[in-house]
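Presented below is the structure to which this report refers.
The values are calculated or read from the model by the stated rules, or taken from the named source; none is laboratory data. The structure displayed is predicted, hence computed values, not measured ones. Here the Cβ positions follow ideal geometry from the backbone for every residue, glycine too, while neighbour counts run over all protein chains shown. Heads up: the accessible areas ignore ligands, DNA and RNA and are worked out on the full protein's heavy atoms, side chains in. Shrake-Rupley method; radii C 1.70, N 1.55, O 1.52, S 1.80 Å.
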Amino acid sequence: TSFYKSTMETRLSKIIPVTMSHPTVLLTGARGFIGRNTFEALRRRYTVFAPTHSELDFLSIEAVDAFFKTHTIGIIIHCAFIGGNRKTPYMPDAVEKNLRMFTNLVRYAKSVRKVIHIGSGAEYDIRYPVQRVTEASFGERIPADQYGFAKYLCSRLAQDIDNVIVLRPFGVWGKYEDYETRFMSNAICKTLYNLPITLNQNAYFDYLFIDDFVKIVEFFMLHDVRYKYYNVGSGERIDLLTIAKKVAALDHKKPASVIVKQGGLKQEYTPNIDRLRKEIGILPHTPFNSALRQLYHWYAVRKSSIEKERLLKDV
């Protein structure tokens, strides 16, 4: 919050005053982790349309056409994705559905100021180590998994559309993520129930707090930028075991135990964010320990809604 008020907001207000002239936003995927956090932050400053699937089916070209006939949109932020998570790693038509959503939306790219598509570091193919990978490496390998392949194809299509920007986050974390499958939230929730924190194998990641990610999205909303593709991360490499120990120590009275099932290191998953740094300048940055405490307290006040049974699957 202090960074946003002292740096980012000051900079943005000098360029675009906080007035009703701010762009109207169409946000897809507002019920998902990234979309929900993005909606909560942007609705304070902008008019944001965030229709549910029942309100607007982005797979239907007729429904999308009807929406744009009756709404004037300045920015499209496309967060929605079908399938591709750990609970539904494979859906027979996931790639087709995600391409249809993307193409139905970017048909209107010339009618809006810009489209911000949320891609993924998985576009670089997670079958292999992704270690400080640069945007220039895109296309050297083609992902085999549905999630990475669909995101990869959307990026390929975006190449020929002038005002589509692709942001490729790596390890975004924070409130509203699935605490059953997402490491940071899973570890915190286990700590709250005094359960051991478990990880199959240690690995290095780049983790970016969701509040910082949303500020980066807002920057791209309001600025003309030099490139089409941007890796998005914190620029700080951290391993899962170090995180687990930090989480375990959050409860000083009853520190959680940490179990590592397999020795050694899994392959790394980190971006090179030099391009992002040069574009933005000073990146929004919530210190990791501070962000961890924020998320811990967020779950602590909601402990009654955390289903303990969902945490026991890998204990």
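Here are the numbers for this structure:
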item	result
Cβ-Cβ under 7 Å pairs, at least 6 apart or on other chains, the stretch 25-45 side over 13 Å from D211 (Cβ atoms), far side open to solvent by 10 Å² or more (accessible area, probe 1.4 Å) and part of a helix (DSSP H, G or I)	L27/F39; A30/R36; A30/F39
Those residues of the stretch 88-137 which are open to solvent by 10 Å² or more (accessible area, probe 1.4 Å), within 24 Å of D274 (Cβ to Cβ) and among the polar types (S, T, N, Q), in sequence order	Q131, T134, S137
Filter result (open to solvent by 80 Å² or more (accessible area, probe 1.4 Å), in contact (Cβ under 8 Å) with a residue 12 or more places away in the chain and of a type in the set (A, V, I, L, M)) within the stretch 263-311	L265, I282
Filtered residue count, the stretch 230-248, keeping only those that are among the β-branched types (V, I, T) and either assigned to a helix (DSSP H, G or I) or in contact with a Ser or Thr (Cβ under 8 Å, 6 or more places away or on another chain) (or both)	3
Residue that is open to solvent by 60 Å² or more (accessible area, probe 1.4 Å) and more than 19 Å from A244 (Cβ to Cβ), where the choices are A144, A150	A144
The stretch 227-248, residues that are open to solvent by less than 40 Å² (accessible area, probe 1.4 Å) and polar (S, T, N, Q)	N231, S234
Any hit, the stretch 203-215, residues being more than 19 Å from Q294 (Cα to Cα), in contact with a Ser or Thr (Cβ under 8 Å, 6 or more places away or on another chain), at pLDDT 95 or above and of a type outside the set (D, E)	yes
Qualifying residues in the stretch 275-287 (those that are touching a strand residue (DSSP E or B) at 6+ places or on another chain (Cβ under 8 Å) and either part of a loop (DSSP other than H, G, I, E, B) or of a type in the set (A, V, I, L, M) (or both)) - the one farthest from V217 (Cα to Cα)	T286
Of all residues making up the stretch 263-274, the number that are hydrophobic (A, V, I, L, M, F, W, C) and part of a loop (DSSP other than H, G, I, E, B)	1
Residue in the stretch 74-88 that is outside any loop (DSSP other than H, G, I, E, B), within 20 Å of G35 (Cα to Cα) and free of Cβ contacts under 8 Å to residues at least 60 places away in the same chain present	yes
Residue pairs meeting the criteria (Cβ under 7 Å; at least 6 apart or on separate chains; first closer than 15 Å to D57 by Cβ, in the stretch 96-120; second β-branched (V, I, T) and assigned to a strand (DSSP E or B))	L105/I76; L105/V115
Residues satisfying the stated conditions in the stretch 54-73, i.e. hydrophobic (A, V, I, L, M, F, W, C), without any contact (Cβ under 8 Å) to a residue 12 or more places away in the chain and within 29 Å of R182 (Cα to Cα)	L56
Scope the stretch 183-201; condition within 23 Å of G264 (Cα to Cα) and surrounded by 18 or more Cβ atoms within 10 Å (Cβ to Cβ); matching residues	F183, M184, N186, A187, I197, T198, L199
Filtered residues of the stretch 8-51 (kept if modelled with pLDDT of 95 or more, of a type in the set (S, T, Y) and in a loop (DSSP other than H, G, I, E, B))	T24, Y46, T47
Within the stretch 51-82, considering residues that are open to solvent by 20 Å² or more (accessible area, probe 1.4 Å) and among the small types (G, A, S), the one farthest from R107 (Cα to Cα)	S54
From T134, T103, residue being out of contact with any His (no Cβ under 7 Å at 6 or more places or on another chain) and within 29 Å of Y204 (Cα to Cα)	T134
Residues of the stretch 249-262 that turn out to be open to solvent by less than 80 Å² (accessible area, probe 1.4 Å) and outside any loop (DSSP other than H, G, I, E, B), as a count	3
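Yes/no per residue for (1) within 26 Å of F39 (Cβ to Cβ); (2) in a loop (DSSP other than H, G, I, E, B):
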{"position": "E177", "(1), (2)": "yes, yes"}
{"position": "T181", "(1), (2)": "yes, yes"}
{"position": "I188", "(1), (2)": "yes, no"}
{"position": "Q201", "(1), (2)": "no, no"}
{"position": "D206", "(1), (2)": "yes, no"}
{"position": "M221", "(1), (2)": "yes, no"}
